[in-house]
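What follows is a set of notes on a single structure, which appears directly below.
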Amino acid sequence: MSAPVAQKTISVEVNGTTYERDVEARRLLVHFLRDDLDLTGTHVGCDTGNCGACSVIVDGTLLKSCMMLAIQADGASIETVEGLGTDGELSSLQQAFSEHHALQCGYCTPGMLMSAKALLDENPEPTEGEIRRAIQGNICRCTGYVNIVEAISAAAEAST
Amino acid sequence: MTETAAPTSAIVVEEQETRPGFIGTNIPRKEDRRLVQGEGVFFDDVKRHGMGFVHFVRAPYAHAKIVSVDVSRALELKDVYGTLTGDEVAILTDPFFEMSVPPGSEIKDYALAVGKTRFVGEPVVAVVAATRELARDAAELVEVEYEPLEPLVDARAALEPEAPILHEDAGSNLVWEGVFDWGDWEGCVAEADRIVRIKELHFDRFSSTPLECSGCLVEFNRGTGQWTMYCNHQMPGIGAIWMAPALRVGTDKLRFVTQDIGGAFGNKICLHPYFVACCLLARKLNRPVQWTEWRTDQHTANAHGNERWFEDTEVAVKADGTLLGFKTSAIDDCGAFPRYEPLGCIIWAQVTPGCYRWQNIHVDFTQVATNKSPVSPNRGYSRMQHLWFTERVIDIVAHELGLDPVEVRKRNYVKEDEFPWTTPNGCIYDSGDYARCLDIALELIGYDGIEERREDAENRGKLLGVGIGSTLDSGTNNFGQSMLLNPDLQFSGNNEVATVKLDIFGEVVVTLGTVPQGQGHETTAAQVVADALGITPDEVTVRPGHDTYWNSHAGFSGTYASQFAVTGLGAVKGAVDQLAGEIRTIAAAVLGGVPEEAVVLEGGFAKLRANPEAAIPFMGIGAIVNANNAVLPEEVRDVTLNCRYVYVPPFEVPDTERKYGNLTLTYATQIHVCVLEVDPETGAYEIVDYAAVDDCGNRIHPQIVEGQVHGATAQALGAATHETFTYDEQGNLLTPNFYDYHVPHALDMPPIKTGYIESPSPFTSLGAKGMGEGGGAGIHAVCAALQDALRPVGNPIVHESCNPPHRVWELISNPEESRGRVAVESR
């Protein structure tokens, strides 16, 4: 049996740009995004997979990027908060978060936005209960979620 | 709690007074655009060439002697840059300044453990390597030999003769003790019809656990001997006072830089031990070093809220429910090192009688050290513990005397026409209308129909309870209160700085001394500036964050203690008023020597009031002063258009003998009402209705105020229902991460109904009051509602601040235990 690979070259598409990098086999996807690709919008808020600040969308599926190794994302297409807007224009979700004061410190916001995007991609007209379920894996310590739920609801209404 | 589908409602119960301009309106937050795009800059986003990552080797024992430390194997690893040990720290630094009198003042607190460890997670060695992962690997190779000692976990046993001593230098686990005696306790006992005795109440340990952990990137400039810290310290002024003497340098050698901070809530005030370790490493290794705290480390070893016991409380009451006074013995547990303490031993006195007209108060206050995480200010710091106590007292008294908790409150609240109200210890409550706030909150939850709902719940096998939490959010500290703890401390008053300038192309630029963490300072500062200069907030640039190099800060600069609306915006207002005057001065001179009063500022122009055609754009004024000043008459050449203002609130040094004086400038109110249903079979409960009514005087940005109310309430509900830092007998923390320490998620939050009134502060330039920390009311309201709900199952007394279902089940299954804590003596 050959020795386990400690390093690997991976190719990942992030927000439409393809990156090829050598990564340590143990490197978490979130650290790959933040430290290797300098996409620092994705945040780290815990070390147990509870907080959701690092949520990204990998091949259409919402994931916590601290719970995945970078090498597992080899060949994948990843969406992060940096890809939400278009040419400097905010997406309707981003706009709604601002209008409804759905963020205070802004640390959970990127992950929260990605969870909300994943929800609305699947379910464009969610109920309040469905919105709450969709963001239950994202912790916010500032807002009590009140305005986040409102913002997601408003963004859904705006686009339907 | 379970999912709730009902929409959250915001009920405006009183029309806001119409004020011209942007103050009082919900303009879009200036911070949002970068934050929703992932373009904020948090400390962990900052990188430097060749930087090393710091990992701390931490103590596995709550109390142990350090027999030996061997870092040699770690240093052999490739790309490990270096280490730092406690022995090095003891040589290179002096212990941190302590605020207490003896014995607390004798405690030696260093950046790393020196000689022994005193809590699980205490940093013992620091390792620096090329990557985060490698630093962790290397840390595992550090060999530390410990000799475990008996740990001290229960604060109540800290002063027993057989208790293990944490700090041999102090010779005792006592940090600070003092007697607070105001009014005439013995006299009020003689006057009382009833004495209600409460054996013990306990306020649990928890913390606001900001989502972004602590950290810094530190660079050392060998040529100047200066450190730059890109960090998330929320109170750099005090941070420098701790760090500079320890590092044996002047405060100017420490440059703090922040931009975006992922929440702080007081938990990022006591970062100096970690930052000093990083400063030493940056100097020793001659490279930038970066430390990002892990979540488990944040929970285990950084900043818990103060745990407090209230023993042998006595409350003197008239038969009609008039409260005459109370007496209690408070034991405060500050964990292994005091750090910001013993300030918590006095901060509570800002709200000594709570919302009530109590005149006779006696508190024996003791603070002790235990083998647990050090504490740090935490949203509602020290006042929350005390207000929880006063609210528990109100409800227990009402409960035991068969009185209506609503009526007892209204009978004893300070009345609307009694403001400004002086408390027995000399604090001046500026304005408010507590009874009206309570009425609004009760209306919001439909109190009139509550008995029907109680019956309905009963028919479903549930016990319904209603509880009230009355909270004062005292803001803008008079640091002179520290002299009530230690008369030799030379701290008093308060200050904050802002600089507003008109630049060469007409840009209006604001620099704050504060250190915002989500409170929207850029936005509200822009509102104030825009109104004063007759422009829009979009035309105002407010620099994000804090930088020592801006020279726009003072000794108490920071963001803490509910004060930005007063101190921060007071400084902004002072600075922009000066700038407006200077713009008028220049315009008057340039427009032909007219008096300044003839000039108005409007739409980015300085115009003659009598002839608006005669106008100079701000750009012209900025250009003349900055780059064309030879055209100016001699008498206006001292104008700089760069106005720095230091706001100083009108405080006096308190009377240290009587422990008497005004300790805070403003008092915002939050009155909460909670309705919950308990399953008597399991102790599980659900909050089914909730109202929070806020009064923070004039609201600069109502949406931001309401956001603070929501967030503070969520933190309180978390603390009331789940969040507690529980230790086992060996001093191991049982809730060291978000897996074990359950903070509210979106499905946990009940619908929150909000209302407000505005009682402008007569003591502040904008009539505003600091707010944001009043949410502790949620803890009081849940405790009160539980006690109300459990009346039919043996009348237990809620005596803990955190009541997860298992604790409620204990109250239900053994009501006698808690009943035994209370006795009523009729006189």
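For the range B:529-548, indicate whether the set of residues that are outside the structural domain of B:R379 (by TED's automatic domain parsing), closer than 14 Å to B:C643 by Cα, of a type in the set (V, I, T) and out of contact with any helix residue (DSSP H, G or I) (no Cβ under 7 Å at 6 or more places or on another chain) is non-empty. No, there is no match, as no residue in the range B:529-548 is outside the structural domain of B:R379 (by TED's automatic domain parsing), closer than 14 Å to B:C643 by Cα, of a type in the set (V, I, T) and out of contact with any helix residue (DSSP H, G or I) (no Cβ under 7 Å at 6 or more places or on another chain). For the range B:186-226, a residue qualifies if it is under 30 Å from B:Q517 (Cα atoms), more than 14 Å from every other protein chain (Cβ to nearest Cβ) and buried (at least 24 other Cβ atoms within 10 Å of the Cβ), and the qualifying residues are B:F203, B:R205, B:C216, B:V218. Test B:D94 against the stated conditions and say whether it is closer than 19 Å to B:P273 by Cα and either in contact (Cβ under 8 Å) with a residue 40 or more places away in the chain or in the same structural domain as B:V276 (by TED's automatic domain parsing) (or both). It is true that B:D94 is closer than 19 Å to B:P273 by Cα and either in contact (Cβ under 8 Å) with a residue 40 or more places away in the chain or in the same structural domain as B:V276 (by TED's automatic domain parsing) (or both). Among the residues of the range A:105-152, the ones that are over 15 Å from A:V81 (Cα atoms) and at the interface with chain B (Cβ under 9 Å from one of its Cβ atoms) come to 23 in all.
Restricting attention to the range A:24-50, the residues being in a strand (DSSP E or B) and away from every other protein chain (no Cβ under 11 Å) number 0. With respect to A:E13, determine if the residue is surrounded by 19 or more Cβ atoms within 10 Å (Cβ to Cβ), acidic (D, E) and either under 19 Å from A:I135 (Cα atoms) or more than 8 Å from chain B (Cβ to nearest Cβ) (or both). It is false that A:E13 is surrounded by 19 or more Cβ atoms within 10 Å (Cβ to Cβ), acidic (D, E) and either under 19 Å from A:I135 (Cα atoms) or more than 8 Å from chain B (Cβ to nearest Cβ) (or both). Restricting the range B:460-488 to residues that are within 20 Å of B:G266 (Cβ to Cβ) and part of a loop (DSSP other than H, G, I, E, B) leaves a set whose member that is farthest from the chain's Cα centre (by Cα) is B:L485.
For the range B:467-490, residues that are surrounded by fewer than 23 Cβ atoms within 10 Å (Cβ to Cβ) and either more than 21 Å from B:E98 (Cβ to Cβ) or aromatic (F, W, Y) (or both) total 1. The residue that is surrounded by the fewest Cβ atoms within 10 Å (Cβ to Cβ), among those in the range B:309-326 that are of a type outside the set (S, T, N, Q) and in contact with a Ser or Thr (Cβ under 7 Å, 6 or more places away or on another chain), is B:D312.
One residue alone among B:V89, B:V120, B:V124 is farther than 30 Å from B:P487 by Cα and either part of a loop (DSSP other than H, G, I, E, B) or under 25 Å from the mean Cα position of the chain (by Cα) (or both), and that residue is B:V120. Search the range B:21-33 for residues being among the basic types (K, R) and either in contact (Cβ under 8 Å) with a residue 12 or more places away in the chain or more than 10 Å from chain A (Cβ to nearest Cβ) (or both), and hand back the single one that is farthest from B:T541 (Cα to Cα). This residue is B:R29.
Going through (1) among the charged types (D, E, K, R); (2) outside any helix (DSSP H, G or I); (3) over 21 Å from B:A126 (Cα atoms) one by one, B:E219 falls short only on (3). For the range B:565-581, indicate whether the set of residues that are within 14 Å of another protein chain (Cβ to nearest Cβ) and under 18 Å from the mean Cα position of the chain (by Cα) is non-empty. No; the residues of the range B:565-581 include none that is within 14 Å of another protein chain (Cβ to nearest Cβ) and under 18 Å from the mean Cα position of the chain (by Cα).
Only one of the listed residues (A:Q72, A:Q136) is at pLDDT 95 or above and assigned by TED's automatic domain parsing to the domain that holds A:R26. That residue is A:Q72.
Of all the listed residues (B:P103, B:P123), the sole one being surrounded by fewer than 20 Cβ atoms within 10 Å (Cβ to Cβ) and either touching a residue at least 24 places away in the same chain (Cβ under 8 Å) or out of contact with any Cys (no Cβ under 8 Å at 6 or more places or on another chain) (or both) is B:P103.
Out of the residues in the range B:757-781 that are part of a loop (DSSP other than H, G, I, E, B) and touching a Lys or Arg at 6+ places or on another chain (Cβ under 8 Å), which is surrounded by the fewest Cβ atoms within 10 Å (Cβ to Cβ)? Give the steps one after another, and end with the answer.
Taking the range B:757-781 as the starting set, the residues that turn out to be part of a loop (DSSP other than H, G, I, E, B) are B:757-767, B:769-773.
Within this subset, residues satisfying the condition of being touching a Lys or Arg at 6+ places or on another chain (Cβ under 8 Å) are B:757-758, B:761, B:765-766, B:772-773.
Details: B:I757: 18, B:E758: 22, B:S761: 27, B:S765: 16, B:L766: 23, B:G772: 30, B:E773: 28.
By that ranking, first place goes to B:S765.
Kindly indicate whether B:A303 is modelled with pLDDT of 95 or more, small (G, A, S) and either within 26 Å of the chain's Cα centre (by Cα) or not assigned by TED's automatic domain parsing to the domain that holds B:P342 (or both). For B:A303, the condition - modelled with pLDDT of 95 or more, small (G, A, S) and either within 26 Å of the chain's Cα centre (by Cα) or not assigned by TED's automatic domain parsing to the domain that holds B:P342 (or both) - is not met. Filtering the range B:789-814 to residues that are part of a helix (DSSP H, G or I), under 22 Å from B:Q715 (Cα atoms), out of contact with any Ser or Thr (no Cβ under 7 Å at 6 or more places or on another chain) and not β-branched (V, I, T) leaves B:H806, B:R807.
Return the total of residues in the range B:159-194 being among the acidic types (D, E), free of Cβ contacts under 8 Å to residues at least 12 places away in the same chain and assigned by TED's automatic domain parsing to the domain that holds B:K327. Even if it seems obvious, please write down each step before you answer.
So in the range B:159-194, the residues among the acidic types (D, E) come out as B:160, B:162, B:168-169, B:177, B:181, B:184, B:186, B:191, B:193.
Now narrow it down to the ones that are free of Cβ contacts under 8 Å to residues at least 12 places away in the same chain: B:160, B:162, B:168, B:186.
The next check asks that each one be assigned by TED's automatic domain parsing to the domain that holds B:K327; those that pass are B:186.
Here the count works out to 1.
For the range B:282-301, which positions are part of a loop (DSSP other than H, G, I, E, B) and acidic (D, E)? Outline the logic, then answer.
Looking only at the range B:282-301, we keep the residues that are part of a loop (DSSP other than H, G, I, E, B), and these are B:286-288, B:293-294.
Across the range B:282-301, the qualifying residue is only B:E293.
Listed by first and then second residue, the pairs with beta-carbon distance under 8 Å, at least 6 apart or on different chains, first residue in the range B:498-513 and within 16 Å of B:G581 (Cα to Cα) and in the same structural domain as B:S557 (by TED's automatic domain parsing), second surrounded by fewer than 19 Cβ atoms within 10 Å (Cβ to Cβ) and among the aromatic types (F, W, Y), are B:T499/B:W550. Kindly indicate whether any position in the range B:395-414 is basic (K, R) and more than 27 Å from B:I198 (Cα to Cα). Within the range B:395-414, none of the residues are basic (K, R) and more than 27 Å from B:I198 (Cα to Cα).
I'd like the full set of residues that are more than 8 Å from chain A (Cβ to nearest Cβ) and among the basic types (K, R), limited to the range B:35-50. Selection gives B:R48 alone.
Against the condition outside any helix (DSSP H, G or I) and closer than 23 Å to B:M235 by Cα, how does B:G518 come out, does it pass? Judged against the criteria, B:G518 is a match.
Residues of the range B:249-281 being closer than 24 Å to B:V127 by Cβ and outside any helix (DSSP H, G or I), which ones?
Narrowing the range B:249-281 to residues closer than 24 Å to B:V127 by Cβ: B:254, B:268, B:270-281.
Within the range B:249-281, B:L254, B:K268, B:C270, B:L271 meet the criteria.
Against the test of being touching a residue at least 60 places away in the same chain (Cβ under 8 Å), among the charged types (D, E, K, R), touching a Cys at 6+ places or on another chain (Cβ under 7 Å) and within 28 Å of B:D395 (Cα to Cα), the options B:D679, B:D695 yield a single qualifying residue, B:D695. Within the set B:I428, B:I450, B:I394, the sole residue that is surrounded by fewer than 21 Cβ atoms within 10 Å (Cβ to Cβ), at pLDDT 95 or above, aliphatic (A, V, I, L, M) and within 26 Å of the chain's Cα centre (by Cα) turns out to be B:I428. Kindly check whether there is at least one residue in the range A:82-93 that is without any contact (Cβ under 8 Å) to a residue 24 or more places away in the chain, facing chain B (nearest Cβ under 7 Å) and of a type outside the set (D, E, K, R). The answer is yes, given that some residue of the range A:82-93 is without any contact (Cβ under 8 Å) to a residue 24 or more places away in the chain, facing chain B (nearest Cβ under 7 Å) and of a type outside the set (D, E, K, R).
The values are calculated or read from the model by the stated rules, or taken from the named source; none is laboratory data. Predicted model only: the values in this text are computed from it and were never measured. When we count neighbours, we look across all protein chains shown, and the Cβ atoms used for this are built from the backbone with ideal geometry, even at glycine.
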